[in-house]
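Just so it is clear, none of the values below were taken in a lab; they were calculated from the coordinates. Because the structure is predicted, anything quoted here is derived from the model rather than measured. Note: ideal-geometry Cβ built from the backbone for every residue, glycine included; neighbour counts use all protein chains shown.
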């Protein structure tokens, strides 16, 4: 009987650590006037998990020598706090002179939400929220979403997706969680960019809690991506995490040619490093 009570208490404790759904699931966006210039050669894309940092710190990171040229920025773990008024994605976009869209994933207990965003030098339209399969990972279980938009790049509109997958899930579940994004992107007639934190660590998980080395999950996820007709130009980027040499972040594309790929290792605002691709 005592062991049963301990089990119930443990389950209740884990449930208390799970993330609530947001009070408002609406996508928030704002478009600045169209950029005066057309792309002069490359389009620079940056994907960055900002790990709940302040808008000021994230903006300073994106104003660095290389990243300040970014045309499209995909953010994950970006938050919107009720006490701050404008979402952090909106604050950063205002400072950088960019359009933006923000989609809440889960709610914050103090008010506000935690989600994904897209910043763009050009207006964003046809916004779409893609609900991802919810994985029950014992603690910190949360609603996951991807955000899609059409970036009105002069001469060639792009369909773009910002994605954040769960951490403590195994390769089959990770493929299942990305599948709705690939399905939505497959239906677009435009060139496509899918970018974000895929959490492709070198671990599998016993009961979603105990890590066991099992090779690089990125290889197995990229196999699905290629099966669905997309490319994975950032495969050789090297680590995108500050810990354990992990490549957690990715960019998947269709209809675009990547000229260069890199990781901005001098930017240490988050536990992730900014991943960039020049198209």
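A few remarks follow.
- Between helix 171-186 and the chain there is an angle of about 30 degrees, using the helix long axis and the longest principal axis of the Cα atoms.
- Extension gain for residue 82-residue 176 works out to 30.6 nm (0.36 nm per residue, less the C-alpha to C-alpha distance).
- Remark: the residue 63-residue 220 segment gains 53.1 nm on full extension, using 0.36 nm per residue and subtracting the alpha carbon distance.
- Pairwise label distance in nanometres, residue 136 with residue 260, each label 7 Å out on the Cα-Cβ vector: 4.9
- Once you divide the Cα radius of gyration of the stretch 44-98 by 2.2 N^0.38 Å, the number left is 1.05.
- Rounded to 10°, Cα long-axis angle of helix 217-227 versus longest principal axis of the chain: 50
- Look at the alpha carbon pairs under 8 Å that are at least 6 residues apart: their mean separation over the length of the chain gives a relative contact order of 19 percent.
- Each 5 Å bin from zero up to the one holding the largest Cα-Cα distance in the stretch 167-279 carries the following percent of pairs: 2, 11, 22, 22, 20, 14, 6, 2, 0.
- The stretch 2-278 - share of DSSP beta bridges that are antiparallel (%, nearest 5): 85
- Computed E for residue 94/residue 206 - FRET, C-beta separation, R0 35 angstrom, nearest 0.05: 0.20
- Between 0 and 90°, nearest 10: helix 2-16 axis offset from the chain longest Cα axis: 20
- Difference of contour (0.36 nm per residue) and Cα-Cα distance, residue 51 to residue 156: 34.6 nm
- For the chain, alpha-carbon Rg and Dmax in angstrom: 18.5, 71
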